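Scroll down for the structure; my scribbles are underneath it.
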Amino acid sequence: MSESVGLLLRRAGFGPTAAELAAARRAGYVAALAGLTAPPGPDIGAADAPIPDIGPDVYAGKRDLTYEEKVRLEDLRVVQTAEITQWWLHRMTVASHVAVEKLVFFWHGHWATSVKKVRSPQLMLNQHRALRDAPDFTVMARQMVIDAALNLYLDGHLNTRQAPNENLARELCELFVLGLGHYTEKDVKEAGRALTGWRFSLTLGRSVFNPQDHDSGAKTILGRTGNFTAASLTDLLLSQGACPRFIASRLWFRYGSSVEPIPKALQEKMVREFPAPMAMLRVLFADEAFQATAGTVVKQPVEWLVGALRQLGLRLSQLSAKTRAAILQDLESLGQLPFAPPNVGGWPSGGAWLTSASAQVRMRLAGRIAEHAPVEQLTPESLAYLFGVDQWTNRTYAVLRGVKDRRQLLTLGLVSPEYLVT
């Protein structure tokens, strides 16, 4: 059962430390699962990484700016975006409730919103708080449909009764709540009308509703007719049987397999726990279908980096500003930077992370990590223990055994197939 405990900790979190893995194996699978999905007490580790206060948006209350003033404010936004990105990576690294932290990162990829278009780190951070604090998917969906960052990202602020914009409505149906095949094009158009009238306020840091821009006429959506608003539209979508099944499939896609579809029996068991995502995950991790996915999931770059930092006892906050900036640049080159997913569909999965170009960047980033890690007395055997790798393949072991430089040994271990694939 020890191997399955290792799989659980690697998938539910970001990569267990040797001490965490040993403790979980002593406790057993059932106890380890309970501790991950229902952690007792406050998150002690996260106390070292409180959400930063970056104040109001730098443009709040400002008008008629000169070109020079705009350049200065944009530079401030760049600095603040780097600050919140580094903070979140640090939070993932030090958090004690690793499954909770991993789930927040999952939701960020689900409600994919990028600061590169939103531009305001304050709006992105406010969205992050909403995702982190939502007690279940129902509350989350109600908040996200009027979230300022998401609305701005999907052009919701351009959606008026005079000129309807369907972007948010389409993604709400396709990517966020129902999934393809469970709505019609007419449903999307009518849903777009229901979402009219919402704007974002940089001064308030949230969305505001302008009734004059809202289409208050009757709309027919999914066979129901009424004067739908953002709130009643969301409740209608949440009431569809397709909704919990879609969320179960998305959790399986990220935590189970991005290749094999979710088994129907497991999907129905997870549906019964909807809208509580951690309870749905508990069912997923307890199912034998999850155990059968061992060795099939490629770590996303953020998971890989955070896991390495945790296992090596490194903290971003303790590294130089130059090194932190270089790490963010490498993550961006790898294609996964927090607060900046590539599109509304979120990040890719599987072999997309294993290109020749990404291998070069990962090697460079692994080298940066190795520069700051303790490597005294490091051997292939102790490295496997440190990383929670059950066993090196003969090929990998032969390579590692032939390396004399311990930092190079660590670098190669970080980019090995056994470490990259869970």
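Values in this text are rule-based calculations from the coordinates and carry no lab data. No experiment lies behind these values; they were computed from the predicted model shown. Don't worry about glycine lacking a Cβ; one is built from the backbone with ideal geometry, like all the others, and counts go over all protein chains shown.
How large is ³J(HN,Hα), in whole Hz, for each residue of the stretch 390-406 in order, when computed from phi with the Karplus curve 6.51 cos²θ - 1.76 cosθ + 1.60 and θ = phi - 60°, using x for Gly and Pro?
Going residue by residue, I get 4, 6, 6, 5, 4, 5, 5, 4, 4, 5, 5, 5, x, 8, 8, 6, 5 Hz, with x marking Gly and Pro.
Looking only at the stretch 98-135, which residues have a backbone nitrogen under 17 Å from a spot 7 Å from the Cα of residue 201 in the C-beta direction?
In the stretch 98-135, the label zone of residue 201 (backbone N under 17 Å from the point 7 Å along Cα→Cβ) covers 122-124, 126-127.
Once R0 is set to 41 Å, what does the formula 1/(1 + (r/R0)^6) return for the Cβ-Cβ distance between residue 78 and residue 31, expressed as a FRET efficiency to the nearest 0.05?
Numbers: r = 45 Å, r/R0 = 1.11.
Once the sixth-power term is evaluated, E becomes 0.35.
Given H placed on each backbone N at 1.01 Å, which residues far from residue 111 in sequence or on other chains put an amide H within less than 5 Å of it?
none
Read phi for every residue in the stretch 22-31 and hand back ³J(HN,Hα) as whole Hz from Karplus 6.51 cos²θ - 1.76 cosθ + 1.60, θ = phi - 60°, with x for Gly and Pro.
With the stated coefficients, the stretch 22-31 comes to 5, 5, 5, 5, 5, 6, x, 4, 4, 5 Hz.
Using the alpha-carbon centroid of each, what span in Å lies between the stretch 1-41 and the stretch 153-219?
If you average the Cα positions of each part, the centres end up 42 Å apart.
Within the chain, how many Lys pairs that are eight or more residues apart, or on different chains, come under 25 Å at the alpha-carbon?
Value for the chain: 15.
List the residues, sorted by chain then number, that are 5 or more residues from residue 355 or on another chain and whose placed amide H is less than 5 Å from its amide H.
When sequence neighbours closer than 5 places are left aside, there are no close amide H contacts.
Return the long-range amide H neighbours of residue 200 (sequence gap of 5 or more, or a different chain), with a cut-off of under 5 Å between placed amide H atoms.
Residues meeting the amide H criterion: 208.
Please report the relative contact order for the stretch 69-208, taking Cα pairs under 8 Å with a sequence separation of at least 6, and give it as a percent rounded to a whole number. Please report the intermediate quantities before stating the final value.
Values: 141 pairs, mean separation 29.2, N = 140.
The value is 21 percent.
How far, in degrees from 0 to 90, does helix 2-12 lean away from the longest principal axis of the Cα atoms of the chain, to the nearest 10?
Tilt relative to the chain: about 40 degrees.
What percent does the relative contact order of the stretch 140-278 come to when contacts are Cα pairs within less than 8 Å and at least six residues apart? It would help to have the intermediate numbers written out before the result.
Values: 194 pairs, mean separation 30.1, N = 139.
Answer for the stretch 140-278 is 22 percent.
Taking the simple approach of a point 7 Å from Cα along Cα-to-Cβ for both residue 18 and residue 279, what is their distance in nm?
Placing both labels 7 Å beyond Cα along the Cβ direction yields 4.0 nm.
Could you compute the FRET efficiency for residue 235 and residue 359, with r as their C-beta to C-beta distance and R0 at 41 Å, rounded to 0.05?
On the way: r = 47 Å, r/R0 = 1.13.
Result of the calculation: an efficiency of 0.30.
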